[in-house]
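Here is the structure we will look at, set down as structure tokens.
We did not get these values from a lab; they are worked out from the coordinates using the rules stated. Every value quoted in this text rests on a predicted model; they were computed, and no experiment measured them. Cβ placement follows ideal geometry from the backbone for every residue including glycine, while neighbour counts extend to all protein chains displayed.
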Amino acid sequence: MAALASTEKVVLGCIAFGIFWVLAVFPSVPFMPLGRTAGSLLGAMLMVLFRVMTPDQAYDAIDLPILGLLFGTMVVSIFLERADMFKYLGSALAWRSRGSKDLLFRVCLVSAVASALFTNDTCCVVLTEFILKLARQNNLPPQPFLLALASSSNIGSAATPIGNPQNLVIAVQSGITFGQFLVGVFPAMIVGVITNTCILLCYFWKYLSVAEKDQEGGAAAAGPEVVADDEVTSHRFTPARMSHASSVNGVDADCVSEPIRRSDSLNRADTHSMRSRSYNSEGDIQVAIRSMRASSMSQEMVEVSTVCDRRDDGVVGPRKITRTTSHQRSVIIEDAPEADAKDGEKGKDAGEVKEKRWKVLLWKTSVYLTTLGMLVALLMGLNMSWSAITAALVLLALDFTDAQACLEKVSYSLLIFFCGMFITVAGFNKTGIPNALWELVEPHSRIDSAKGTALLAVVILVLSNVASNVPTVLLLGSRVAASAAAISPASEKKAWLILAWVSTVAGNLTLLGSAANLIVCEQARRAQFFGYNLTFWSHLRFGVPSTIIVTAIGLLIVASY
């Protein structure tokens, strides 16, 4: 029996870990609404203040390779979103969809693959609103598609070390390469996604069939809640583009309609038209100004205003108003109506647009090639942390702009949460309680027998939903690996992969079991105009059977590796 620490250290260590656990699982408790990040730092601080561990031991507990890998993958994901990777994934969902069941299958497949490459949390953040809009456009119930996104993202993320945080911990601590991890878990992931999709179809077959009949009967032409087709295909995952009723350049749509109608009528009535162009950046403004000065125009005027500021300006000539949503300022440049000048400037404009498109295409290609290079480096077995950091730095350098704007999007709160969690879990280990509990379970949960593997899976499944999956991996990882290493070196690798599979799929059991579930729930609830509340019980009714079946089937595949 493992020896426990002194009674004082055990009690104080349990108090510190208990506070961390409560705030990690329930971040908005009424008596202490600190959130997960502050809760992890509070637990870490109490471990040091209570002298469960020394400050030096606390610093040593922070795993820098894991933080580096997490930081690098977040930066790469940010650049991929800027390069419209997730827009293309969304387009793949909507492209030639053959009904609600086909759409559900696509959501499961796309979210699983995207999560394996870009982490499940990122996938859920950028795809939730798009899927809601797609369901509303096709008059489909949102619930099955939200559950498909959350559950498939968790299952898909199990396939790679960069799919979720707990896999990052396992990959770094075990030394398993990216390729070995992929070969060991990918078959289980594919079968798990297919199984989960079949469960979803069986569970929601009635609702999806009714929706398809409504579409065939013409009910798809619903009211203003239905989103236009171009809005779906051009979605950039920003709340500003969720509805046609949204503002233009920060101004209400009603304010824009009158000048637009007036412009159309004037264009038809007056042959002496005046040209107007809208520019969306300071660089475009300067290019236009230089072009105007170089031409042989007799008059030039640069006017900076919003569209509503132009409503009562008294200008007699026609003008064309270009709508933009990405900037709060519209820059309108007007010049005298000379035919030769028009032709010359049209050529210049076409050249500038073509050059800009080539630059954007070149930049996107660089982002995709850099990401592909990172994946190749991971598959070759190079250091995962430095491969991800190198890819991030290359992308920042290729951007040729100040990196501050991009780096501000990194979730530093998540990195800080990991630091506090590392310290808190290390302090709890020093109390001796995890070792004592593991010694009671270990003789019956050895992976050299089917019964032992099943018991180990149940322990991981329960603990992942009670203490969350990352703390579970930190608490059990080394112990499970040591127990399996006593059998054979191959068994040790298998034990790590079993831990990765079960702790990840366990997140589908309840709404609180995974951060990805909470992200989907919160993003769906806050979505403008078509929000949806995914409740705890509606998730639980599907989550329990799906988690048990998918875990069992995948466990058979991983255990046979």
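For the reader, a short list of remarks on this structure follows.
- Residue ranges 114-121, 201-208, 186-193 sort as 114-121, 186-193, 201-208 when ordered by packing (mean number of other C-beta atoms within 10 Å per residue, highest first).
- Note on S209 and I553: their simple-model spin labels are 2.1 nm apart, each label 7 Å out from Cα toward Cβ.
- The modelled label-to-label distance between Q57 and S413, using points 7 Å beyond Cα along the C-beta direction, is 3.1 nm.
- Distance between the modelled labels on V183 and S28, one decimal in nanometres: 4.7 nm (7 Å Cα→Cβ projection).
- Straightening the chain between W537 and A3 buys 188.1 nm, computed as 0.36 nm per residue apart minus the Cα-Cα spacing.
- Relative to the current alpha-carbon distance between C198 and V544, full extension at 0.36 nm per residue lengthens the span by 123.1 nm.
- Computed over region 115-181, relative contact order equals 38 percent, with contacts defined as Cα pairs under 8 Å that lie 6+ residues apart.
- Fully extending the segment from K451 to E352 would add 28.8 nm, taking 0.36 nm per residue of separation and subtracting the current Cα-Cα distance.
- Residues in region 1-24 that a label on A436 would reach, taking backbone N under 15 Å of a point 7 Å out along Cα→Cβ: 1-15
- Out-of-range pairs (alpha-carbon distance over 24 Å; input K409/K430; K101/K133; K9/K494; K133/K206; K9/K493): K409/K430; K9/K494; K9/K493
- Here the peptides 467-473, 47-53, 488-494, 538-544 are ranked by packing, the mean other Cβ count within 10 Å, and the order with the highest first is 467-473, 47-53, 538-544, 488-494.
- Where a label projected 7 Å from the Cα of I487 along Cα→Cβ would reach, residues of region 493-516 with amide N under 19 Å: 493-504
- Peptides 420-430, 142-152 ranked from most to least packed, by the mean per-residue count of other Cβ atoms within 10 Å: 142-152, 420-430.
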